[in-house]
Amino acid sequence: MGIDMPELFDKRGGFRKLHTFTLATIVQLETLRFCRRFITHDHREAATKFYDPKGRQYDQMTQAARSGRQNIIEGSERSATSKDTEMKLTEVARASLSELRGDYEIWILDRGDLPWSVHSPEAKAINVISLDPAPFVVTCLRNKKYLHGVRYCRNQFQLLRNKRHLLTERRSNFERARLDPTTSSTSHVG
């Protein structure tokens, strides 16, 4: 019959064990912090923050981050009853976080900067962050030394979203291969 692949979830959903959930949680919390710190709808703060008169940019970014995390939770919870629904929700999560990645890219470019290359020292420092085990509250959220200026924040969050996106894609490919061994999971990542 083939090689037995381990289940990613137990029958009740095991999203809290997933690195993608950990990264999505970090991305959501840090996007909220980023938007509060750097976006305003108050014209009096327009000299020091991005002026978003109707709050659309703020809402779009925070809702995309929330949607990414919540769809991982919902997909995991539904995994016991429908793998198809789980995969669809995982794809929605990935799409939401890709949308957020686009918002951050535009933010960086609009300010005359370029997103960090994956080969830059800053990107390498972020990409070596290990998520084993995944107690993100202690290791990531309490350690605020990485929250420097606006340029640093934008690029760090961009890298975390990229890392989360890759993990979600790998998980999706793994699940597809597990559910249908005739399906090739050789899609290009990167």
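Results, tabulated for the structure shown:
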item	result
Sole residue being over 19 Å from the mean Cα position of the chain (by Cα), within 29 Å of residue 52 (Cα to Cα), at pLDDT 85 or above and part of a helix (DSSP H, G or I), chosen from 114, 97, 109	109
In segment 84-129, the residues that are within 30 Å of residue 74 (Cβ to Cβ) and acidic (Asp, Glu)	84, 86, 91, 99, 103, 105
Single match in 52, 42 (criterion: crowded, with 16+ Cβ neighbours inside 10 Å and over 24 Å from residue 172 (Cβ atoms))	52
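The values are calculated or read from the model by the stated rules, or taken from the named source; none is laboratory data. On a predicted model such as this, the values are computed, not experimentally measured, just so you know. Glycine gets a Cβ as well: all are built from the backbone with ideal geometry, and neighbour counts include every protein chain shown.
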